[in-house]
Amino acid sequence: MSEYRLEMRDVVKSFPGVKALDHAQLKLKPGTVHALMGENGAGKSTLMKCMFGIYHMDEGELIYEGEKITINGPMDALNRGIAMVHQELQPIPERSIGENIFVGRYPTKGPLKLIDHDKMYADAAKVLQEVHLNFDPHARLGSLSVSQMQLVEIAKAVSADCRVLILDEPTSSLTAAEVEALFTIVNELREKGVAIVYISHKMDEILRISDEVTIMRDGQYIGTWPAKELTTDLIITRMVGRELTNLYPPRENKPGEVVFEVKDFTSINPRSFRNVSFNVRRGEILGVAGLVGAQRTELMEGLFGLRNHTKGTITYEGKELKINQPRDAINHGIAMLTEDRRATGILGVLSIADNVSIASLNKYLIGGMVLNDKKIEELVQENVAKLSIKTPSSKTLIQSLSGGNQQKVLISRWLANDPDVFILDEPTRGIDVGAKYEIYCIIADLAKQGKSVIMISSEMGELIGMSDRIMVMCDGRVTGIVEGKDATQENIMALAAQFE
Amino acid sequence: MKAKKIDIKKFVSNNAIIILVFILMMITGFSTKNFFSADNFKNLLANMSPRFILACGVSGCLITKGTDLSAGRQAGLAACLSAMMLQKLDYSARVLTWLPSIPWPVVLLIVMVIMGCIGAINGCVIAFLKVPPFIATLGMQTIVYGACQIITNNQPLGGFEDSYLVVGRGVILSIIPYLAIFAVIIGLYFWFLYNKTRHGKYMYAIGGNENAAQVAGVNVVATLIRIYLLAGMMYGMAGFLIGTKAGGASTATGFGYELEAIAACTIGGVSANGGVGKVSGILIGVLVFEVLKICLQFLGVDPAYTFIAQGVVIIVAVALDLRKYLAKK
Amino acid sequence: MSMDEKDTRPSPEEPMPPSAESPEPQESPDEAPPRPKRPIERFYDKFEGVPLKALDIFIGILIAAFIILVVLGYLKGHEII
């Protein structure tokens, strides 16, 4: 009986144009939580998809409980006791929770193999209980919040009575309380002897929950270490392959006088932001902190004209700004990088050139009518160089770029108008460590140029590391403004949870 | 070797209909007389031209993830209006007996303006009232048809002035119909509009991601209204040309033209999923569909079967487009 | 310790698709929401569950139907049947 429940040896997997896995390795011991870490593109999800049968390995061996096997597909994997909670949810919101849990493997009865609904709901109730969720299995999945749906997804995998469980970014949509619930489940599974693979970017979680950590880089296996021997810095160094002495760039901006003022800004929705007042100075970075539901994004969308407000004023350099839609905000020199670039940021099927120029086309006209393609191309090249955007050409479709590069393209779009106020909503979400640093440098540079930067973020480190002042919101109201140098996790959290 | 295999498969699936029709054309050409003749080519161009103009109009709607089911009936109304204003002064069944003789360019302009207004109404309903384009234009389709019936009193219209008839029948260099000249001008205009103007960029942006376009400051409402307005004007011109080509117009004119136009656009790469589409593609799509029709006609295929076969091609075009969309996911 | 963002939208990012150009590098968003489905997105999405193979077969059947229709129509048109 092998020491390892599952081993993957010398796995090679290529896609047209790129070698995703280059002799990758993984060894899972039963009853342990094994973290798998690496930057985006390191190959973590690919390796897991090979394990789960979604991809076929080009080369390599899979040894399960001492025996060499091949997995033909997800159903085969499930039958063998390997379960996976995917990073991207595939819920069927219109159907009940019970149906979602047993999709594809409904319990049947009788010779006609009709679905045994009673058994299904009974089993579903049991499964939900096992993971300490008290949802009604008859309820529509769509009635749950996203984090709850993710918990159901986890329940689904756990219900499959697995011996190996793969969790791919399981906490990405969960609240702090729910993360705790997840950890309880994980601990119970660990005690039952399940081998758990835990993929996450969240260092603190990894260090807390895992026994061993495997790090991958560029599809290659870098090494495995016991979690207690690791620190965040060590992990980052090994993930990135070089020393990152500072996560945040030195800031050379000198905040000047107050230029942007918001007074008593209130949403038409009484449960959203209300009576918000704050100001931003020239060349300052104002961080915006808050918990889920604090209405930070809603506030910024309101300021930008994407949402309606009933009262309140916005002034820049003393002049009041009337903003009813994004175009008004843009004309007044405000730019906004939205939270979800794929939903409201990038024009996916269009080229980089189109994405960069779309908000500033008025500036590149011949005779007031015809687009000056040459000038637009110059603009694009200028930005590609200035922000180090990695792309084969300006005609490449933006959707084929990595998240970090997409974000840079969006920033270029706004820079083309030379805005005075730059609102950034979670600017480094979904971006790997290396690219994050580049974005931080760009943000710092914006402030240095004298622009007023407002940055919403859910990452404490980012807020404290980048902001001159931090505004904290809770339940739609501003609960406090903390000076950057005085900010600590504790005092920010205290303000963020004031009304909870 | 493997890479090449995938390439061929992809090529075939992307251009299946074009390949199919090409094969059909070869079969027809070699098994019938006069297929590859100047006369037939002239007919092809004549048939294509108003359809192409109509398709250009619809393309803007498709690119912005909408549709325009009123295209055919609008063209029909345009044909009837043009007919009423261009009947011979001494024609016994002249409808607008009080109307003096108006030069056809003026009539064309009037008709385009009227249809443009109808298009603008479509645009407003879709952009302001946020009614889904399918429903809005379906409603407009019935309204326009009803209006046409009222205006023409359900009587077919004929007896056109010679100057009008010449537009539809005239040829230069004995092979290029005047109709084709209209098509070329419109084609060039649309190419310019889609590639070299802000409106074009905004249109693609809205089609690509309407929410993102809004955030980027694009005036979505204004752009959509312009698109449907322009489409209306194109239906106007198409109807005007269809009337003269046929030498007559009635409430039946234009029936179903939008389905063919949408299919042609889809064949030509204007994905119903928005954000993409080129004028060259529209041209190819229209060409393919017209060639299909001519082939079936030349082969002597029973008209009922032709009708069904055309319908099948339309479904295949949409299915292929759907496949492309799903394959990406 | 990171604070958690709003739980209004679920997380996903496209799995690495094999594609001719450089594949989308795998993003693991910290709490990034997926593109919310726009109601305008045509009814194409209703077919998301359909496996491509089934669609291919469907298209194949349609093309076969087309050919049969043309042949039958030809025969009918020439009064052979």
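The values are calculated or read from the model by the stated rules, or taken from the named source; none is laboratory data. The structure displayed is predicted, hence computed values, not measured ones. Here the Cβ positions follow ideal geometry from the backbone for every residue, glycine too, while neighbour counts run over all protein chains shown.
Residues in the stretch A:270-282 that are away from chain C (no Cβ under 14 Å), touching a residue at least 12 places away in the same chain (Cβ under 8 Å) and in a loop (DSSP other than H, G, I, E, B): A:274, A:275, A:282.
Listed here are the helices (runs of 4 or more DSSP H) enclosed by the stretch B:243-329 that have at least 3 residues being closer than 18 Å to residue C:58 by Cβ and at the interface with chain C (Cβ under 9 Å from one of its Cβ atoms): B:303-328. Quick one: would you say residue A:249 is outside the structural domain of residue A:464 (by TED's automatic domain parsing) and within 21 Å of residue A:456 (Cβ to Cβ)? In short, yes.
Figure legend. Inter-residue proximity from the stretch A:67-83: first residues touching a residue at least 40 places away in the same chain (Cβ under 8 Å), second residues crowded, with 18+ Cβ neighbours inside 10 Å, beta-carbon distance below 6 Å, spacing 6+ or different chains. Indicated pairs: A:78/A:160; A:81/A:162; A:81/A:163; A:82/A:164; A:83/A:157; A:83/A:160; A:83/A:162; A:83/A:165. Here residue A:317 meets the list (1) of a type in the set (Asp, Glu); (2) within 10 Å of chain B (Cβ to nearest Cβ); (3) over 24 Å from the mean Cα position of the chain (by Cα) almost entirely, failing just condition (2). Pairing each residue of the stretch A:132-160 that is assigned by TED's automatic domain parsing to the domain that holds residue A:84 and of a type in the set (Val, Ile, Thr) with any residue that is in a helix (DSSP H, G or I) and at pLDDT below 80, provided the two are 6+ apart or on different chains, yields C-beta distances under 9 Å for A:158/A:130.
Can you spot a residue in the stretch A:158-176 that is in a helix (DSSP H, G or I), within 13 Å of chain C (Cβ to nearest Cβ), within 25 Å of the chain's Cα centre (by Cα) and not basic (Lys, Arg)? Looking through the stretch A:158-176, at least one residue is in a helix (DSSP H, G or I), within 13 Å of chain C (Cβ to nearest Cβ), within 25 Å of the chain's Cα centre (by Cα) and not basic (Lys, Arg). When residues in the stretch B:78-135 are screened for being aromatic (Phe, Trp, Tyr) and at pLDDT 90 or above, 3 of them pass. Taking the criterion of being surrounded by fewer than 18 Cβ atoms within 10 Å (Cβ to Cβ), modelled with pLDDT of 80 or more and in contact with a Pro (Cβ under 8 Å, 6 or more places away or on another chain), the residues of the stretch A:95-122 that qualify are A:116, A:119. Residue A:189 falls short on exactly one of the conditions (1) under 22 Å from the mean Cα position of the chain (by Cα); (2) at pLDDT below 90; (3) in the same structural domain as residue A:42 (by TED's automatic domain parsing), and that condition is (1).
Of everything in the stretch A:24-40 that is in a loop (DSSP other than H, G, I, E, B) and touching a Ser or Thr at 6+ places or on another chain (Cβ under 9 Å), the residue that is farthest from the other protein chains (Cβ to nearest Cβ) is A:32. When the helices (runs of 4 or more DSSP H) confined to the stretch A:389-500 are screened for residues that are more than 14 Å from chain C (Cβ to nearest Cβ) and crowded, with 19+ Cβ neighbours inside 10 Å, those reaching at least 3 such residues are found at A:403-415, A:433-448.
Could you check, for the stretch B:283-296, whether at least one of its residues is at positive phi and modelled with pLDDT under 95? Among the residues of the stretch B:283-296, not one is at positive phi and modelled with pLDDT under 95, which makes the answer no.
In the stretch A:283-297, the condition of being assigned to a loop (DSSP other than H, G, I, E, B) and away from every other protein chain (no Cβ under 14 Å) is met by at least one residue. Restricting attention to the stretch B:70-107, the residues that are surrounded by fewer than 24 Cβ atoms within 10 Å (Cβ to Cβ) and either among the basic types (Lys, Arg) or within 22 Å of residue B:232 (Cβ to Cβ) (or both) total 9.
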